[in-house]
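Asker: Below is a structure I'd like to ask you about.
The values are calculated or read from the model by the stated rules, or taken from the named source; none is laboratory data. It should be emphasised that the depicted structure is a prediction, and the values quoted were computed from it without experimental measurement. Methodologically, a virtual Cβ is constructed for each residue, glycine included, from the backbone with ideal geometry; neighbour enumeration extends over all protein chains shown. SASA here: full protein model, heavy atoms, side chains in, ligands and nucleic acids out. Shrake-Rupley method; radii C 1.70, N 1.55, O 1.52, S 1.80 Å.
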Amino acid sequence: QVPAGEERELTAEEIELGDYSAIVLADTEDVWNQLFQQGGSDYPEPGMVLFSNAVNTACGGASSAAGPFYCPADNKVYMDLKFFEELHTRFGAKEGDFAIAYVIAHEVGHHVQTVLGTSGKVRQLQQNLDQEDSNELSVA
């Protein structure tokens, strides 16, 4: 997505990244659907939005500076195409396919945490902790 008034044609590389991202998201859906089904429930699949520069979400506006993120208010994973480029140029990810898949799966993990209620429980526990302990709990 692009902000209103800034629509443009996608480059061949962006189309390829979009196709690859859709495949990775579908793979995560296959895994989580199976795991939730084994647990006796349905997996509410997240949506995914690819963007460059800035995007408006149910969680508010975000710029490329935020990088990829998950918005629990609309259950969508937001993937910044500029960040995919940075995986190669800034972070040195060779050919980047695994790195991109990892980032998408990570954001889907935040969706799963939200669906299972883990995110809310962690936020509740963090209210009574100092910054260091709060960060440690967040990482755990």
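Asker: Which sequence of Phe84, Phe98 reflects their accessible areas, 1.4 Å probe, from the largest down?
Answerer: Numbers: Phe84 0, Phe98 165 Å².
The ranking, largest first, comes out as Phe98, Phe84.
Asker: Keeping every protein chain in place, order Phe36, Phe83 by accessible area at 1.4 Å, biggest value first, i.e. largest first.
Answerer: From most accessible down to least: Phe83, Phe36.
Asker: Check every DSSP H run in the chain and write down those whose alpha carbon atoms cover 15 angstrom or more along the long axis and whose mean Kyte-Doolittle hydropathy is -0.5 or greater.
Answerer: Numbers: long enough: 12-38 (39 Å, -0.21); 97-116 (28 Å, 0.76).
Helices meeting the criterion: 12-38, 97-116.
Asker: Using a Gaussian network model on the chain with a 10 Å cutoff between Cα atoms, which of Asn75, Asn56, Asn128 fluctuates the most?
Answerer: Comparing Asn75, Asn56, Asn128 in a Gaussian network model of the chain, the most mobile one is Asn128.
Asker: Considering only DSSP beta bridges where both residues belong to the chain, give the percentage that are antiparallel (nearest 5). It would help to have the intermediate numbers written out before the result.
Answerer: On the way: 7 of 12 bridges.
Given both bridge residues lie in the chain, the antiparallel proportion sits at roughly 60 percent.
Asker: If you don't mind, another one. Could you order Ile15, Ile100 by accessible surface area, starting with the largest, using a probe radius of 1.4 Å? Before the final figure, lay out the partial values.
Answerer: On the way: Ile15 85, Ile100 5 Å².
Reading off the accessible areas and sorting them downward yields Ile15, Ile100.
Asker: In whole angstrom, how long is each semi-axis of the equivalent ellipsoid of the chain, when you take the square root of 5 times every eigenvalue of its Cα gyration tensor and sort them from largest down? Mind showing how you got there, number by number?
Answerer: Details: eigenvalues 142, 75, 50 Å².
The three semi-axes for the chain are 27, 19, 16 Å.
Asker: Right, another one. Tell me, what is the per residue accessible area of the chain in Å², probe radius 1.4 Å?
Answerer: Working: 8940 Å² over 140 residues.
Result: 64 Å² of accessible area for each residue.
Asker: Once the whole set of protein chains is in place, how much accessible area is left on Lys76, using a 1.4 Å probe, in Å² to the nearest 10?
Answerer: 70 Å²
Asker: Leaving ligands, DNA and RNA out of it, report the carbon-plus-sulfur percent of the accessible area of the chain at a 1.4 Å probe.
Answerer: Details: 4500 of 8940 Å².
So the carbon and sulfur contribution to the accessible surface is 50 percent.
Asker: Can you tell me which of Asp74, Asp42, Asp130 moves the most in a GNM of the chain? Springs connect C-alpha atoms under 10 Å apart.
Answerer: With Cα springs under 10 Å in the chain, the top fluctuation among Asp74, Asp42, Asp130 is at Asp130.
Asker: Next up: Suppose R0 equals 35 Å. What FRET efficiency, 1/(1 + (r/R0)^6) with r the Cβ-Cβ distance, do Glu16 and Leu125 give to the nearest 0.05? Mind showing how you got there, number by number?
Answerer: Details: r = 42 Å, r/R0 = 1.19.
E between Glu16 and Leu125, to the nearest 0.05, is 0.25.
Asker: Just the number, please: percent antiparallel of the DSSP beta bridges in segment 13-83, rounded to the nearest 5.
Answerer: Antiparallel: roughly 60 percent of the beta bridges in segment 13-83.
Asker: Only helical DSSP H runs with n ≥ 4 go in: add -39500 (n - 2.57) per run for the chain, normalise by residue count and round the 222 nm mean residue ellipticity to 500 deg cm²/dmol.
Answerer: On the way: 5 runs with 74 residues, N = 140.
My calculation for the chain gives -17500 deg cm²/dmol from helical runs alone.
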